[in-house]
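Asks: Below are the structure tokens for one structure; questions will follow.
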Amino acid sequence: MKVRFLGDSFPAAREILAELLAEDDVGAWASGAPAGPDGRADVLVPAMREVDGSLMDAARPALIQQFGAGLEGVDVAAAAARGIPVANVPADRTGNAGSVAELAMLHLLALSRRFDQARAALRDGRLGEPLGRGLGGQTATVIGLGAIGREVLTRLRPFGTRLVGMGRRPRSEADPTVLALVDEYRPLVQLHAALTATDLLVLCLPLTGDKRGIIGAAELRALRPGGILVNVGRGPVVDHDALVAALRSGSLTAAGLDVYWQEPIDPDDPVLAENVSATPHVGGVTTQAYRATAERFAANVERLRRGAPLEDRAA
């Protein structure tokens, strides 16, 4: 089987998968599919690239398989029209969700305790500064209550943080597991009201049409003074210009970002000049999560080879 990742990011994913599929040809196309026979692949891996009908026609894959959960870049309707199955690896089955949640905690702790300023004080020989904030007693609102959101709530609970969960459904239809984790549940239609009582905002949202820019200028202004935003979902759920303006004005104290509006983000992007802790989309990039994800991915390739039913099909 010829397995091709779109783009040369996330190299460890290819390395582990190549180990498991030792008899197959696992590689990457740095920028789309090359022309001619070299542009054909049995299995196409979106990674963070768009997979539209024209790319499907060029590559002629027998399977579009994501190395992870996100399929927002795949034109699922175009794949269905061409009879190409689309599958992913759900985050709650591999440890990916827990890994992403751990990174969210890293950002929350680093920003609340002003880690960058503490390192600067250490270099300057200053003791007992800066004055940070503990997570205990603060109110954290987690938006997006899928596998990652639930893992974030689970990790925040021992810190004594007051937890608010926000999802699409009314409370009567919400996941009982989520309701057991939170102090308060609110549907997204009550977003503004929830944010006025929020110190820490954690975004775990996938990028669907109605979520693009859901956090804009008004939402950032609604946060309590000293508010911190952490985004481990998808970059465009936050309005870029509104975030930069909020950080510059001080209405938002800090932001922790693992996902961006364009990836990789331009190192000269103005948001990186503000009080931001930034990581290069490494939420799920841990040895445990990658190994488990690669094993499920490889198992689907074997099913494809045998003509057996695929697991975790989205289309």
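Asks: Residue separation times 0.36 nm, minus the C-alpha to C-alpha distance between Arg60 and Ser31: what's the value?
Replies: 8.8 nm
Asks: For segment 169-315, with only Lys/Arg (+1) and Asp/Glu (-1) charged at the beta-carbon, what is the dipole magnitude about the Cα centre, in debye rounded to 20?
Replies: 480 debye
Asks: Taking the chain as the reference, fit the longest principal axis to its C-alpha atoms, fit the long axis of helix 287-306 to the helix C-alpha atoms, and give the angle between the two in degrees, 0 to 90, nearest 10.
Replies: The angle comes out at about 30 degrees.
Asks: Taking R0 as 35 Å, what's the FRET efficiency between Thr208 and Gln288 from their Cβ-Cβ distance, rounded to 0.05?
Replies: Efficiency for this residue pair is about 0.80.
Asks: Which one, Ala35, Ala58, Ala69, has the greatest fluctuation when you compute a Gaussian network model over the chain with C-alpha springs under 10 angstrom?
Replies: Ala35
Asks: Taking the dipole about the Cα centre of the chain, with the C-beta of Lys and Arg at +1 and of Asp and Glu at -1, give me whichever of Thr198, Leu55, Gly149 is farthest to the positive side.
Replies: Checked the options; the winner is Thr198.
Asks: May I ask you to list the residues of segment 250-273 whose amide nitrogen lies under 13 Å from a point 7 Å from Cα along the Cα→beta-carbon direction of Ala120?
Replies: 273
Asks: When a/c reaches 1.5 or more, the comparison of a/b and b/c decides; with that in mind, is the chain rounded, prolate or oblate per its Cα gyration tensor?
Replies: Note, shape of the chain comes out prolate.
Asks: Within the chain, what percent of beta bridges assigned by DSSP are antiparallel, to the nearest 5?
Replies: 0 percent
Asks: Measuring from label point to label point, each 7 Å out along Cα→Cβ, what is the Glu295 to Arg93 span in nm?
Replies: 1.3 nm
Asks: If you don't mind, another one. Separation between the Met1 and His240 pseudo-spin-labels, each 7 Å from Cα along Cα→Cβ, expressed in nm?
Replies: If labels sit at Met1 and His240, their model points lie 3.6 nm apart.
Asks: I want to verify a result. In a Gaussian network model of the chain, Cα cutoff 10 Å, which of these has the top mean-square fluctuation: Leu179, Leu207, Leu131?
Replies: Leu131
Asks: For segment 96-278, what does the relative contact order come out to in percent, with C-alpha contacts under 8 Å and a separation of six or more?
Replies: Normalised by residue count, the contact order of segment 96-278 is 19 percent.
Asks: Now, a different point. Just check segment 236-295 against the gyration tensor rule for me: Cα atoms, a ≥ b ≥ c as the square roots of the eigenvalues, rounded for a/c under 1.5, and otherwise prolate or oblate depending on whether a/b exceeds b/c.
Replies: Prolate shape, in that a/c is at least 1.5 and a/b is the bigger ratio.
Asks: Can you tell me the orientation of helix 11-20 relative to the chain, as the angle in degrees between its alpha-carbon axis and the longest Cα principal axis, to the nearest 10?
Replies: Its long axis makes an angle of about 40 degrees.
Asks: Let me ask another. What FRET efficiency comes out for Glu263 versus Arg303 if R0 is 35 angstrom and r is the Cβ-Cβ distance? Round to the nearest 0.05.
Replies: E between Glu263 and Arg303, to the nearest 0.05, is 0.70.
Asks: Rounded to the nearest 20 Debye, what is the dipole magnitude of the chain about its Cα centre when Lys and Arg each give +1 and Asp and Glu each give -1 at the C-beta?
Replies: The dipole of the chain has a size of about 820 debye.
Asks: Taking the dipole about the Cα centre of the chain, with the C-beta of Lys and Arg at +1 and of Asp and Glu at -1, give me whichever of Ala292, Ala78, Gly136 is farthest to the positive side.
Replies: Gly136
Asks: Follow-up. Which Cα, out of Leu223, Phe159, Pro267, lies furthest along the positive dipole direction of the chain (beta carbon charges, K/R +1, D/E -1)?
Replies: Phe159
Asks: Which one, Thr177, Thr196, Thr154, has the greatest fluctuation when you compute a Gaussian network model over the chain with C-alpha springs under 10 angstrom?
Replies: In the Gaussian network model the winner is Thr177.
Each reported figure results from applying straightforward, stated rules to the coordinates on display, with no laboratory input. This one's a predicted model, so the numbers in the text were calculated from it and none came from an experiment. Ideal geometry is used to build each Cβ from the backbone, glycine not excepted, and the neighbour counts take in all protein chains shown.
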